[in-house]
Each structure stands twice: as C-alpha cells, then as structure tokens.
Amino acid sequence: MFEGERYLTSKELCSILKISRRTLQYYRDGGIFPFIQLPGKVLFRESDIRKVLEDRFRSAYNIEDYSL
C-alpha cells in the first residue's frame, strides 16, 4: 500500500486473474493494462486493473431472450 493505493506484482496479478505471465506481457505490450516500471520491478495499480475489467465487462446473454 502506498498512499492508500494497493500495487500488485506481475506474479500477484497473474494469480488473481488466472492468466500466464506471457498473457500479462501481451496485455502490457498492447496497452490494455497500465503499469509502473521500476528498476527490476513492474507494478500494477489495483484501481487501474479494476477499471479496465469494469470497462471491458460484457454480460452473458440469456438463452431465453433468443428463443426461436
């Protein structure tokens, strides 16, 4: 925690999202997940990740809404 904000390491974020480190690297390279790079360390602000996930959320459709 720094100034009330939680920062996650790549390992922590991969564990939370159940993704590989390579997938996380792909998201970083593609500008999907903002990050902070320090010498020898990459950090992700929890609030930034939460916002990305909320902005990209798509609800599942209800099969009953598409009956023939």
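The values are calculated or read from the model by the stated rules, or taken from the named source; none is laboratory data. Just so you know, these numbers come straight off a predicted model, no measurement behind them. Just so you know, the surface numbers come from the protein's heavy atoms only, side chains and all, with ligands and any DNA or RNA stripped out. Shrake-Rupley method; radii C 1.70, N 1.55, O 1.52, S 1.80 Å.
Of the set (1) in a helix (DSSP H, G or I); (2) open to solvent by 60 Å² or more (accessible area, probe 1.4 Å), all apply to SER59 but (1).
Summed over region 28-59, the residues that are farther than 24 Å from PHE2 by Cα and among the hydroxyl-bearing types (Ser, Thr, Tyr) give a count of 1.
When restricted to residues that are in a loop (DSSP other than H, G, I, E, B) and either small (Gly, Ala, Ser) or at pLDDT below 95 (or both), region 1-19 contains 3. Among the residues of region 24-37, is there at least one that is open to solvent by 90 Å² or more (accessible area, probe 1.4 Å), of a type in the set (Asp, Glu) and at pLDDT 95 or above? Yes: region 24-37 contains one or more residues that are open to solvent by 90 Å² or more (accessible area, probe 1.4 Å), of a type in the set (Asp, Glu) and at pLDDT 95 or above. Somewhere in region 20-39, is a residue among the charged types (D, E, K, R) and not in a helix (DSSP H, G or I)? No, there is no match, as no residue in region 20-39 is among the charged types (D, E, K, R) and not in a helix (DSSP H, G or I). The set of residues in region 42-56 that are open to solvent by 40 Å² or more (accessible area, probe 1.4 Å) and either modelled with pLDDT under 95 or hydrophobic (A, V, I, L, M, F, W, C) (or both) comprises LEU53, GLU54, ASP55, ARG56.
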